[in-house]
Amino acid sequence: MPIYEETYRSWEGSLIPRPRTWRVIGKTGIRLLWKKGMILFILLAYIPFFVRAVQIYLMTRFGEGTPLAEAVQSLKINADFFHGFLQGQWLYLILILIFAGAGLVANDRKYNALTIYFSKPVGFWDYASGKLLIIAFYGALVTLIPAWLLFIIKVMVSQDAAFLNQYYYIPFSILAYFLMVVASLGVLILALSAAARSTRSAAVFYFAILTFPEIIRGILSRIPEAGLFSLNAVLRQAGAGLFGVSRPYVFSPILAWLVLIGVSGLSVLILHWRVRPTEVIK
């Protein structure tokens, strides 16, 4: 029988489902990150939002045929507009995910906090869901929320319901895009945080996984399937289908979704393997 440290014993009772456990873990992590200056990243990420909001207002209020409208005639408020906005938030999203997620599990492993978690009636899914809630919250602040606000602004300043009748599905497309990103990139950063020995290592690995395959895809651009090795390209291809816009790559969107499912599944397996109470055998 393994002998546990005297300070904390692993929970040996029968687990009673407590729906709020993961929420407590998530809310605590959100508050801690907010105190560390996350607001600065959020404000920086909202610069494109304000630019887009001004564009929507000017184009809608002044209408076509005016000198101002002719100056920005290439801008159209349609599905491509919102899809393009989310693509433009890519860099901010990655920085947010690295800052918020790289240390979520790595620090718990470093300071043996997992033993404290699992000495209480907390299961793996409670722990993982709570950590993912932290990532989802800050990810939503730079993708889901500003994109929804842009749609609301457009509807409010429109003189009739023509835009809403034509693009009523956009809010659902934005939500689906956000969930896709969280289920892939969010779970991936948690898996790397669990596998790495430090926050810095997790951040470096995450940045490398998202950057180097994209460089290789650019070099091998004549090979359509090369895009499947880049998460950036795969997300763009799958996201285009959600908004009903033209796909940027030739490879099948079905393959893109299969890659995302594979990445998410592998990340969950790694996370489950690395997140467990520490036993000290003497």
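The values are calculated or read from the model by the stated rules, or taken from the named source; none is laboratory data. Since the model is a prediction, treat every value here as computed from it, not as a measurement. With ideal geometry, Cβ positions are generated from the backbone for all residues, glycine too; neighbour counts draw on all protein chains shown.
Please enumerate the residues belonging to region 149-168 that are touching a Leu at 6+ places or on another chain (Cβ under 8 Å) and assigned to a helix (DSSP H, G or I).
Answer for region 149-168, where residues must be touching a Leu at 6+ places or on another chain (Cβ under 8 Å) and assigned to a helix (DSSP H, G or I): just VAL155.
Restricting attention to region 143-158, report how many residues are in contact (Cβ under 8 Å) with a residue 40 or more places away in the chain, farther than 13 Å from PHE82 by Cα and not hydroxyl-bearing (Ser, Thr, Tyr).
1
Looking only at region 198-205, decide whether some residue is buried (at least 19 other Cβ atoms within 10 Å of the Cβ), charged (D, E, K, R) and either under 18 Å from the mean Cα position of the chain (by Cα) or assigned to a helix (DSSP H, G or I) (or both).
No, region 198-205 has no match at all.
Provide a single number: the residues in region 251-275 that are of a type in the set (Ser, Thr, Tyr) and either touching a Cys at 6+ places or on another chain (Cβ under 9 Å) or modelled with pLDDT of 95 or more (or both).
The qualifying residues number 2.
Criterion first (modelled with pLDDT under 95, over 18 Å from the mean Cα position of the chain (by Cα) and either small (Gly, Ala, Ser) or surrounded by 14 or more Cβ atoms within 10 Å (Cβ to Cβ) (or both)) does ALA161 satisfy it?
Considered against the rule, which asks whether it is modelled with pLDDT under 95, over 18 Å from the mean Cα position of the chain (by Cα) and either small (Gly, Ala, Ser) or surrounded by 14 or more Cβ atoms within 10 Å (Cβ to Cβ) (or both), ALA161 comes out as yes.
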